Amino acid sequence: MLINMYSKCGSEVSARKVFDRMTERTLVSYNTIISAYAQKGDEENALFLFVQMRREGNNPLTEFTVSSVLCACASKCDVLTSKQLHCFSIKNSMDENVFVGTALLDVYSKSGFVHDASRVFEGMPEKSDVTWSSMAAGLVQNKLYEEALVLYTRARATTGLETDNKFTISSIISACAGLAAFIEGRQVHSVVCKTGFESNNFIASSLVDMYAKCGAIKDAFRLFQNIQDKNLVLWNVMISALAKHSRSLEVMVLFEKMQQAGLEPDEVTYISVLSACGHMGLVKEGRTYFYLMTELHHLSPNVLHYSCMVDVLSRAGLVREAYELMKDMPFDPTAPMWGSLLGSCRVHGNVELAEVAAGNLFEIEPGNAANYVMLSNTYAAGRQWEGVASTRKLLKENDGVMKKERGKSWVEIKDKVHTFMAGERKHPRIMEILLELDRLMEETKKRGGYKPDAGYELHDVEQGKKLELLKHHSEKLAVCFGLMSLPEGIPIRIMKNLRICGDCHSFMKSVSSVEGREIIVRDTNRFHHFWNGHCSCNDFW
DNA sequence: TGATGCTTTT
């Protein structure tokens, strides 16, 4: 009882002292101290005491011990120990125990073995609300968002279950965020309102994140403002949301405000702040934040912070300095860093460094065709036609290993998600969509200043075919369908599986002015708000 | 007398 009291009050040191002074330890005293460590996330001590307990002999292994030790394994992602415990619990018919089963599926999904987790889940004869919420969280953590939503529906249909708890709901909202499912996300929000969890920081964080990832940054901000006691994660979520939406001024304001509210920024905060500087080309500010991070807040920059700084410098044209930073930093340069460097060598006409960057990229990601195209475009910008030819030849030679993920965009209309692949022909209304596309092409060329640019088409085919492929990029089809289906004044929200290309970007700008429509495109990197011929990213992405 | 679950990152 004393051990339990001390650990629940947060003093595991006192709990351990009591435990150590006991002249005789029972199974329960061991279980209590092990669970104390497991809950604290101190897997070292939990596992150590577990082994000691086994060595001391005549302590039978029970469901209590197994579930606690599994909890420790989960934070350590120790699959090997977990598998031994799994076998043990099957042999001793403990695997049907709710606590053991739930802990098992948790450790499997946290370690990335979500299918094993699922198998444990399906095999459990008795499931508690914790079992359901653990499974939901596991699916979300492994990016199986649709499966998570299906599970939630299943849970709600099961009688005698308290499904709508903080744990399940925050996971489900995060699944909606991952899918950018605006309509479903709002439905879950309404469940939140009914249950009264709105002020919970976990729920609020996932809601703010969900709205931001659906492109509804204003809804995200409104929600954020209404939370009374904001924790660090909630501030971080809001700041990263603003960064992705290119609201760099607001990022800086919130960065100050969170400190006025008495919270210290952490590594995550600085990633968002630095990435905002990169997006907007703010060198001076980027340098200042990097300095503040190390000198004022005593945080040691990780590889992601360096990646942001490389981006900050190279986008501003300081490619040489970016390169020096990559050589000096205590990490190996990553593909995104070389990519950022190569991209800005193209813009700023530095062929020499572009060759270095491309050489490294070809080694790290041999299957990425975009890198070859980028190098070729750099040569083209410097009118070095031999380079263009040799890079194109290299690309052709390696055609077999190139992984070109097919472009895919989707848009929600009423209660349905419409998906478009590049060159799509299967949509039931494809003929109307293509007619609308022809109309828009004419209009934007005539009144919107749009000029197709086949330089962005990565496939190695002749010019006429290139323009054809370019015209049928998935986001162009999606925006046509959006215009046909959504009433005037309703923004068109498009999600995309790749980065938006330069040609589609200028097309969207043009459509927004010609049609007087707000268009929001989420690509893999960030958001683009098109309005009146402009984009929120200021053509800087 | 003891056990399992949630949000943010280039």
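Kindly evaluate residue A:486 against the criterion of being of a type in the set (A, V, I, L, M), buried (at least 19 other Cβ atoms within 10 Å of the Cβ) and within 25 Å of residue A:177 (Cβ to Cβ). Spell out the reasoning first.
Details: of a type in the set (A, V, I, L, M): yes; buried (at least 19 other Cβ atoms within 10 Å of the Cβ): no; within 25 Å of residue A:177 (Cβ to Cβ): yes.
Criteria not met by residue A:486.
Among residues of segment A:246-269 that are over 19 Å from residue A:299 (Cα atoms), those with a beta-carbon under 8 Å from a residue that is within 15 Å of DNA strand B (Cβ to nearest atom) and not in a helix (DSSP H, G or I) at least six positions away or on a different chain give the pairs A:246/A:526; A:246/A:527; A:246/A:537; A:248/A:282; A:261/A:230. Residues in segment A:49-69 that are open to solvent by less than 30 Å² (accessible area, probe 1.4 Å) and not in a helix (DSSP H, G or I): A:57, A:59, A:61, A:62.
Determine whether residue A:533 is out of contact with any helix residue (DSSP H, G or I) (no Cβ under 8 Å at 6 or more places or on another chain), surrounded by fewer than 18 Cβ atoms within 10 Å (Cβ to Cβ) and either of a type in the set (A, V, I, L, M) or farther than 23 Å from residue A:271 by Cβ (or both). Judged against the criteria, residue A:533 is not a match. Across segment A:109-155, the number of residues qualifying as part of a loop (DSSP other than H, G, I, E, B), under 20 Å from residue A:79 (Cα atoms) and more than 11 Å from DNA strand B (Cβ to nearest atom) comes to 3.
Scanning segment A:258-300 for residues that are outside any helix (DSSP H, G or I) and in contact with a Leu (Cβ under 9 Å, 6 or more places away or on another chain) yields A:263, A:264, A:265, A:266.
From the list A:38, A:72, A:15, A:46, which one is crowded, with 23+ Cβ neighbours inside 10 Å, farther than 23 Å from residue A:107 by Cβ and not acidic (Asp, Glu)? Can you show your working first?
Values: A:38 fails: farther than 23 Å from residue A:107 by Cβ; A:72 fails: farther than 23 Å from residue A:107 by Cβ; A:46 fails: farther than 23 Å from residue A:107 by Cβ.
Unique residue meeting the criteria: A:15.
Please indicate, with yes or no, whether at least one residue in segment A:123-131 is open to solvent by less than 40 Å² (accessible area, probe 1.4 Å), acidic (Asp, Glu), over 19 Å from the mean Cα position of the chain (by Cα) and at pLDDT below 95. No, that holds for no residue.
Need a quick list: helices (runs of 4 or more DSSP H) entirely within segment A:352-466 having at least 1 residues that are assigned by TED's automatic domain parsing to the domain that holds residue A:493, of a type in the set (A, V, I, L, M) and open to solvent by less than 40 Å² (accessible area, probe 1.4 Å).
A:430-447
Against the numbered list (1) in contact with an Asp or Glu (Cβ under 9 Å, 6 or more places away or on another chain); (2) surrounded by 23 or more Cβ atoms within 10 Å (Cβ to Cβ); (3) touching a residue at least 60 places away in the same chain (Cβ under 8 Å), residue A:215 comes up short only at (1).
Restricting attention to segment A:83-107, the residues being of a type outside the set (Gly, Ala, Ser), open to solvent by 10 Å² or more (accessible area, probe 1.4 Å) and within 31 Å of the chain's Cα centre (by Cα) number 4. Contact map, segment A:28-39: residues that are small (Gly, Ala, Ser) paired with residues that are more than 6 Å from DNA strand B (Cβ to nearest atom), Cβ distance under 6 Å, separation 6+ or inter-chain. Pairs shown: A:36/A:7; A:36/A:12; A:36/A:15; A:38/A:46; A:38/A:72. When residue A:29 is tested against the conditions (1) more than 8 Å from DNA strand B (Cβ to nearest atom); (2) of a type outside the set (A, V, I, L, M); (3) crowded, with 18+ Cβ neighbours inside 10 Å; (4) part of a helix (DSSP H, G or I), the lone failure is (1).
Would you confirm whether any residue within segment A:188-197 is outside any helix (DSSP H, G or I) and either within 22 Å of residue A:108 (Cα to Cα) or among the aromatic types (Phe, Trp, Tyr) (or both)? Before you say what the answer is, go through the steps one by one.
Of segment A:188-197, the ones outside any helix (DSSP H, G or I) are A:196-197.
Filter again for either within 22 Å of residue A:108 (Cα to Cα) or among the aromatic types (Phe, Trp, Tyr) (or both), leaving A:197.
Checking segment A:188-197: at least one residue is outside any helix (DSSP H, G or I) and either within 22 Å of residue A:108 (Cα to Cα) or among the aromatic types (Phe, Trp, Tyr) (or both).
Residue A:300 meets all of the listed conditions (1) surrounded by 17 or more Cβ atoms within 10 Å (Cβ to Cβ); (2) within 15 Å of DNA strand B (Cβ to nearest atom); (3) free of Cβ contacts under 8 Å to residues at least 60 places away in the same chain but one, namely (1).
Yes/no matrix, rows are residues, columns are (1) at pLDDT below 95; (2) more than 14 Å from DNA strand B (Cβ to nearest atom); (3) touching a helix residue (DSSP H, G or I) at 6+ places or on another chain (Cβ under 6 Å):
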position: A:217; (1), (2), (3): yes, no, no
position: A:221; (1), (2), (3): no, yes, no
position: A:232; (1), (2), (3): no, no, no
position: A:238; (1), (2), (3): no, no, yes
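Is there a residue in segment A:156-164 that is over 30 Å from residue A:122 (Cβ atoms) and more than 13 Å from DNA strand B (Cβ to nearest atom)?
Taking segment A:156-164 first, the residues over 30 Å from residue A:122 (Cβ atoms) are none.
Looking through segment A:156-164, none of the residues is over 30 Å from residue A:122 (Cβ atoms) and more than 13 Å from DNA strand B (Cβ to nearest atom).
For segment A:46-71, the tally of residues that are within 9 Å of DNA strand B (Cβ to nearest atom), within 33 Å of the chain's Cα centre (by Cα) and more than 13 Å from residue A:102 (Cα to Cα) stands at 0.
Has segment A:324-336 got any residue that is in a loop (DSSP other than H, G, I, E, B), open to solvent by 40 Å² or more (accessible area, probe 1.4 Å), over 21 Å from residue A:365 (Cα atoms) and free of Cβ contacts under 8 Å to residues at least 60 places away in the same chain? Yes, the conditions are met somewhere in segment A:324-336.
The values are calculated or read from the model by the stated rules, or taken from the named source; none is laboratory data. Since the structure is predicted, the reported quantities are computational estimates derived from the model, not experimental observations. Backbone-built Cβ (ideal geometry, glycine too); neighbour counts: all protein chains shown. Only protein heavy atoms, including side chains, enter the accessible area calculation; ligands, DNA and RNA are left aside. Shrake-Rupley method; radii C 1.70, N 1.55, O 1.52, S 1.80 Å.
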